[in-house]
1. In nanometres, what is the gap between the two model label sites at Val45 and Met708, each 7 Å from Cα along Cα-to-Cβ?
2. Note down the magnitude of the dipole of the chain about its Cα centre, charges +1 on Lys and Arg C-beta and -1 on Asp and Glu C-beta and zero elsewhere, to the nearest 20 debye.
3. I'd like the accessible area for Ser789: 1.4 Å probe, protein heavy atoms, all chains in place, Å² to the nearest 10.
4. How much length is gained on full extension from Lys31 to Glu295, taking 0.36 nm per residue of separation minus their Cα-Cα distance?
5. Rounded to the nearest Å, what's the spacing between the alpha carbon centres of the stretch 114-185 and the stretch 372-401? Just the number, please.
6. Does the stretch 357-440 come out rounded, prolate or oblate by the C-alpha gyration tensor, with a ≥ b ≥ c the root eigenvalues, rounded set by a/c under 1.5 and, if not, prolate when a/b is larger than b/c and oblate if not?
7. At 1.4 Å probe size, put Leu357, Leu346 in order of accessible surface, largest to smallest.
8. Peptides 484-491, 95-102: what's the order by average Cβ count within 10 Å, highest mean first?
Amino acid sequence: MSRNDSKYFSTTKKGEIPELKEELNSQYKDKRKDAVKKVIAAMTVGKDVSSLFTDVVNCMQTENLELKKLVYLYLINYAKSQPDLAILAVNTFVKDSQDPNPLIRALAVRTMGCIRVDKITEYLCDPLQRCLKDDDPYVRKTAAICVAKLYDINAELVEDRGFLDSLKDLISDNNPMVVANAVAALAEIQEHSSRPIFEITSHTLSKLLTALNECTEWGQVFILDALSRYKAADAREAENIVERVTPRLQHANCAVVLSAVKMILQQMELITSTDVVRNLCKKMAPPLVTLLSAEPEIQYVALRNINLIVQRRPTILAHEIKVVFFCKYNDPIYVKMEKLEIMIKLASDRNIDQVLLEFKEYATEVDVDFVRKAVRAIGRCAIKLERAAERCISVLLELIKIKVNYVVQEAIIVIKDIFRRYPNTYESIIATLCESLDTLDEPEAKASMIWIIGEYAERIDNADELLESFLESFPEEPAQVQLQLLTATVKLFLKKPTEGPQQMIQVVLNNATMETDNPDLRDRAYIYWRLLSTDPEAAKDVVLAEKPVITDDSNQLDSSLLDELLVNIATLSSVYHKPPDAFVTRAHTSAQKAEDEEYPEGSETAYSESSSANPANGAVSTPASVAPPSPPPAVPVPDLLGDLMGMDNSLVPTDEPATPSGPPLPILLPASTGQGLQISAQLTRRDGQVFYSMLFENNTQVPLDGFMIQFNKNTFGLAAGGPLQVPQLQPGTSARTLLPMVMFQNMSQGPANSLLQVAVKNNQQPVWYFNDKIPFHVFFTEDGKMERSAFLETWRSLPDSNEVSKDFPAIVIGSVDATLERLAASNVFFIAKRKNANQDVFYFSAKMPRGIPLLIELTTVVGSPGVKSAIKTPSPEMSAFLFEAIETLLKS
């Protein structure tokens, strides 16, 4: 559409569909073209215009290329919901695939490939066969991509009709873009096939390297990615390949540069000549440096890839650390953090003085996270470089003297690691560290300082006094600090078994065994107690045993993982530093067949209740916390606009809305009451929001449309957060939809209750009224999990009058794991468990809207009837709803 076509989006007429129908059947070409533009505009903003399918298809018979593209776009969108009507367009497709205009031939075969309907697929084969051998290279390159689309729909058909052989023949095509698209299609097919489809031979290799010099930048990326999977026969062939690819390092496109680097790195593994490897490292440095002069987002991607590269080949950028990786004042924080990581990896005895000066400068910045990372970086350099450790400690001591709280705490944490790396070497600085004891308020810093005091208790005259200062707040300390205090006190007692430490150890062991719910702390305390009381010498052997020396962690990635990530340079995998399988669910052809069997074509549904972005080769799947069985994996579908406007991004799939799954919804308006309209509904929570999940079933003899909904005032102020989106319901069909809800908008006065009164209307029937019950657990928020210390503190801070109890005599908790999982799925989080006589006592936390905490205690004998529930919350007036929610969750 042109810039002036925005007017087509502004219409809000009530009789829009009938008017459009009339305009689409007009005898005037301009009027028909304007009508199709209005239809596409309505479709774009989410309006249902599927009822105009036949009228739009009739507009296909035109010589106007723009109108034909718009009609084809409409067909792609609605063909799956109207497969029988889509067949009407087949003759026009076949005719257009033989049009004298190559643009129309390509458009026809591209569109047929995008329409994912089995009934149309069989008609696609003959036109596709012709287009693969077309005289025009534009048609051939479009047909090549279409084979990959067809393989995703029906792999057997592609193999039976010989399309794979035709694709392989296109690799020898004299047009470089046809070669690039053939490679892209074969690579895509290979990803969805378990057997070898695309294998590069020495003959194919020569063709690809020749095409590499002449095709477009994205064609080069496809070819380079394919070449990176080729294993050269020997070092000589590897050198020849690298020589042909090296000019791509000078390309202006970042993707081409990174793909070339990936390909060269793979071939370098086979090259035996050290001179050749050294020269290649020198050649790769300038293009990687150039990437870091681009926009911050590109810099970040480049840095994440460089992070992997320097772990395998640190010499590539060893001399560029000052020029490239020193942080600029205006770098975004994510760029600075990544530069710090690479500086640590490139730090050596030769450049450590420069690096330390830079880190020291960063430690005086204003961004707290960046300062912490800089201080940690100094410690990591000390652990990595033994010769530089003393200089690193000097810098850390200088930073401690500036008395900035978070700098001091971070310095103490890293000095503890340095002590472990170099035992009995730098203990003279302990006195300086002890001066900062009073300023420590972060758990990790406290735990580190306590470890130092316990480890070197014999060298610290007042070690017992220092530890005693921490013991005063032992019950309130986090588990990390408590564990370290326990061990440090035992060490002190074993090293100085005098009266003071003896009293301290008794206090600590009592606290850790009798006054805590933390099983780790309690178990460790019992072990120490038993050791000390039975065999003190054995206790010394265990507690004061020589500790293994820690090593440098700056190369955190496992060798096999690094190999896999280097193969995936220039993809999302190299940015996440995770293999593709960790975040991408690849959809195979079998998944499509399963989906088609479960959800028959032609059934009309509203938008999906559950969908997550899962594009192959680089999209992120967001997992739910603990959810019911998920719908089948989404099948890749083409990029509609990209396909029709001639862009070659058709291999980047996106998720198609899936028919919602899950337990059936309760019927609130039976068909007998609703004159044939049946409505099932239930409040549910997904992705941090409350929705009203609804199913509409049309058992009447007429289509129903124009659905609207209204909620009466209620205790929780629930109201619709947007319009009700239900497509036109043909007789005998159904549609399921999710209506977003908002709270505290529609509050009722009077006593609280869980009643939700709903009114629904449509254009063909009167208003229908029905009642629903509000399940309180849908209001529990995802951030309701508490730390144990916070749970205890909150429980103690609330008055006893806020605690309410209720028994559920008929409920049986059979499986603890299943119960915890079910509660966690509804955002009721397990905190701790303890034994009380023969009963198990479980503690849970949850959070209600507006940040109101909910503390729950459940007491039961597992496997026997009867659960006693106690709730403590700042809003005890809500306890009736809370007990109802807990009972529902335990029964489900």
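The values are calculated or read from the model by the stated rules, or taken from the named source; none is laboratory data. Predicted model only: the values in this text are computed from it and were never measured. Glycine gets a Cβ as well: all are built from the backbone with ideal geometry, and neighbour counts include every protein chain shown. All accessible areas refer to the heavy atoms of the entire protein, side chains included, with ligands and DNA or RNA removed. Shrake-Rupley method; radii C 1.70, N 1.55, O 1.52, S 1.80 Å.
1. The modelled label-to-label distance comes out at 1.8 nm.
2. So the dipole magnitude of the chain works out to roughly 1140 debye.
3. Here the residue's solvent-accessible area equals roughly 50 Å².
4. Details: separation 264, 0.36 × 264 = 95.04 nm, distance 4.59 nm.
Once the chain is fully extended between Lys31 and Glu295, it gains 90.4 nm.
5. 60 Å
6. On the way: a/c = 1.92, a/b = 1.18, b/c = 1.62.
Oblate is the answer for the stretch 357-440, as a/c is 1.5 or above yet b/c matches or exceeds a/b.
7. Working: Leu357 125, Leu346 15 Å².
Descending accessible area places them as Leu357, Leu346.
8. Working: 484-491: 24.6, 95-102: 15.4.
By packing density, highest mean first, the sequence is 484-491, 95-102.
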